[in-house]
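> Following this message is one structure expressed as structure tokens.
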Amino acid sequence: DTAVSQTPKYLVTQMGNDKSIKCEQNLGHDTMYWYKQDSKKFLKIMFSYNNKELIINETVPNRFSPKSPDKAHLNLHINSLELGDSAVYFCASSQDKRGRPGNTIYFGEGSWLTVV
Amino acid sequence: AQKVTQAQTEISVVEKEDVTLDCVYETRDTTYYLFWYKQPPSGELVFLIRRNSFDEQNEISGRYSWNFQKSTSSFNFTITASQVVDSAVYFCALLYAGGTSYGKLTFGQGTILTVHP
């Protein structure tokens, strides 16, 4: 069983479209994240949610909207896609609880988004 | 602010050679965590090790070993007797363990390791 799974793995779409990436974790973790890896392999956090509550929003354009229906799921919706949104998006989770960060962060397999 | 620097952008070795990947970090915090992740050609990010700032013991796991030295703010990773399957991008990362920094890993730029047969 995959601990952190995200779909789709590959997504090619046209500029201006709206798309979603779904993420689920079966580790029983309280905290979930979205990270972005750019074309130079640089990884940076976008969002983190703790028990469905937004904790970190790292100056991401508001075209990106995370949604956490429950603590096992964190979806990423992107409106009006732009060429610069092409990247690999990683979902992740950890056992971090409020006031007690520092646990291991486990990543999903990544979603390759290409905007044409 | 935190910063992680991996001095080697790319390393190329021949199978069975030992190789060390350097990682130097900057932080003003006294409590923090250091991580190494592996990204093989298939693209996923695989957790390798987590170390907290109060534990400077070196660690060995099979062919992998890690040397944490607070005095030089370094957390280096050595692969002994490298194999072709070790070919990947390796990332060092730092996590501040205070405030509302849930999961805010600061990554180094990665080191591309190629092991030739």
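> In square nanometres and to one decimal, what's the mean projected area of the convex hull around the Cα atoms of the protein assembly as shown?
Values: hull surface 50.8 nm².
For the Cα atoms of the protein assembly as shown, the hull's average projected area reads 12.7 nm².
> Report the chymotrypsin sites (Phe, Trp or Tyr not before Pro) located in segment B:34-117 that are in a DSSP loop and have at most 13 other Cβ atoms inside 10 Å of their Cβ, or state none.
Values: sites: B:35, B:36, B:37, B:47, B:54, B:64, B:66, B:68, B:75, B:77, B:90, B:91, B:96, B:102, B:107; in loops: B:54, B:102.
Sites meeting the loop and neighbour criteria: B:54.
> Here is a follow-up. For peptide B:35-45, what's the mean number of Cβ atoms from other chains within 10 Å of each residue's Cβ?
Numbers: counts 2, 0, 3, 0, 7, 0, 0, 2, 8, 8, 13.
Mean inter-chain Cβ contacts per residue within 10 Å come to 4.
> If you don't mind, another one. Please compute, for peptide A:43-51, the average count of beta-carbon atoms on other protein chains lying within 10 Å of each residue's beta-carbon. Don't skip to the answer; put the middle values down first.
Values: counts 11, 4, 7, 0, 1, 5, 2, 3, 0.
The mean count of partner-chain Cβ atoms within 10 Å per residue comes to 4.
> Label point 7 Å out from residue B:30 along Cα-to-Cβ: which residues of segment B:47-91 have amide N under 12 Å?
B:54
> Projecting each Cα onto the charge dipole of segment B:1-77 (Lys/Arg +1, Asp/Glu -1 at the beta carbon, about the Cα centre), which of B:7, B:45, B:32 comes out farthest on the positive side?
B:32
> Given the Cα-Cα distance of residue A:80 and residue A:7 and 0.36 nm per residue of separation, how much length would full extension add, in nm? Walk me through the numbers before you get to the answer.
Numbers: separation 73, 0.36 × 73 = 26.28 nm, distance 1.95 nm.
Length gained, residue A:80 through residue A:7: 24.3 nm.
> What do you get when you divide the Cα radius of gyration of chain B by 2.2 N^0.38 Å, with N the number of residues?
Working: Rg = 14.0 Å, N = 117, 2.2 N^0.38 = 13.4 Å.
Relative to the 2.2 N^0.38 Å estimate, chain B comes out at 1.04.
> May I pose another question? Roughly how many Å is it from the Cα centre of segment A:49-91 to that of segment B:1-71, as a whole number?
If you average the Cα positions of each part, the centres end up 28 Å apart.
> Continuing with this model, one more query. Could you identify which residue out of B:13, B:85, B:24 has the top mean-square fluctuation in a GNM of chain B using Cα springs shorter than 10 Å?
Among B:13, B:85, B:24, the largest mean-square fluctuation in the Gaussian network model of chain B belongs to B:85.
> Taking the Cβ-Cβ separation of residue A:65 and residue A:27 as r and a Förster radius of 22 Å, what is the calculated FRET efficiency to the nearest 0.05? Mind dumping the intermediate values first?
Details: r = 24 Å, r/R0 = 1.10.
Step by step, r from the Cβ atoms, then E = 0.35.
> Put a dot 7 Å past each Cα toward the Cβ at residue B:83 and residue B:114; how far apart are the dots in nm?
Placing both labels 7 Å beyond Cα along the Cβ direction yields 2.1 nm.
> May I pose another question? Starting from the residue with the highest accessible area, list A:96, A:30 in decreasing order, probe 1.4 Å. Could you put the intermediate results ahead of the total?
Details: A:96 0, A:30 25 Å².
Heavy-atom accessible area, descending, gives A:30, A:96.
> Using only protein heavy atoms and a 1.4 angstrom probe, determine the accessible area buried between B and A, summed over both sides, in Å² to the nearest 100. Numbers along the way, then the final one.
Details: alone 6530 and 6690 Å², together 11130 Å².
Summing both sides, the interface buries roughly 2100 Å².
> Right, here's the next one. Could you work out what % of the accessible surface of segment A:1-104 is carbon and sulfur, using a 1.4 angstrom probe and leaving DNA, RNA and ligands out of the count? It would help to have the intermediate numbers written out before the result.
Values: 2450 of 5220 Å².
C and S fraction of accessible area: 47 percent.
> What is the magnitude of the charge dipole of segment B:1-105 about its Cα centre, with +1 placed on the Cβ of each Lys and Arg, -1 on the Cβ of each Asp and Glu, and no other charges, expressed in debye to the nearest 20?
Its charge dipole is roughly 340 debye.
> Can you give the charge dipole size of chain A about its Cα centre, rounded to the nearest 20 debye, using +1 on the beta carbon of Lys and Arg and -1 on the beta carbon of Asp and Glu? All intermediate terms of the calculation are to be shown ahead of the outcome.
On the way: 14 positive and 12 negative charges, 33 e Å.
So the dipole magnitude of chain A works out to roughly 160 debye.
> Further question: Residues of B:86-92, mean number of Cβ from any other protein chain within 10 Å of their own Cβ, rounded to a whole number? It would help to have the intermediate numbers written out before the result.
Values: counts 0, 0, 0, 2, 0, 4, 0.
What the average comes to for B:86-92 is 1.
> Now, a different point. Once you have the Cα-Cα distance between residue B:74 and residue B:5, take 0.36 nm times their residue separation minus that, and quote the gain in nm to one decimal. Numbers along the way, then the final one.
Working: separation 69, 0.36 × 69 = 24.84 nm, distance 0.95 nm.
The residue B:74-residue B:5 span can extend by a further 23.9 nm.
> Oh, and also: Please build a GNM for chain B, connecting alpha carbons under 10 Å apart, and tell me which residue among B:51, B:28, B:63 fluctuates the most.
B:28
> Can you compute the charge dipole magnitude of the protein assembly as shown about its Cα centre, using +1 on each Lys and Arg Cβ and -1 on each Asp and Glu Cβ, nothing else charged? Give it in debye, rounded to the nearest 20.
Working: 23 positive and 24 negative charges, 110 e Å.
Result for the protein assembly as shown is approximately 520 debye, rounded to the nearest 20.
> In segment B:20-34, whose amide N lies under 20 Å from the spot 7 Å out along Cα-to-Cβ of residue B:57? List them in ranges.
Counting backbone N atoms under 20 Å from the label point, the list is B:31-34.
> For B:86, B:22, give the ranking by accessible area with the largest first, probe 1.4 Å. Kindly include the intermediate steps, with their values, before the conclusion.
Values: B:86 0, B:22 55 Å².
The most accessible residue leads, giving B:22, B:86.
> Tell me, what is the per residue accessible area of chain B in Å², probe radius 1.4 Å?
Each residue of chain B exposes 47 Å² on average to a 1.4 Å probe.
> For chain A, place one equal point scatterer on every Cα, skip the solvent, and apply the Debye formula. What is log10 of I(q)/I(0) at q = 0.11 Å⁻¹?
-0.32
> Cross-link candidates for residue B:38: which lysines have Cα within less than 26 Å, leaving aside residues fewer than 8 places away along the same chain?
A:9, A:22, A:36, A:40, A:41, A:44, A:97, B:3, B:16, B:70, B:104
The values are calculated or read from the model by the stated rules, or taken from the named source; none is laboratory data. All of these numbers come straight from a predicted model, not from anything done at the bench. Because the Cβ atoms are built from the backbone with ideal geometry, glycine has one as well, and the counts that use them run over all protein chains shown. Protein only, heavy atoms only, side chains kept; ligands, DNA and RNA dropped before computing areas. Shrake-Rupley method; radii C 1.70, N 1.55, O 1.52, S 1.80 Å.
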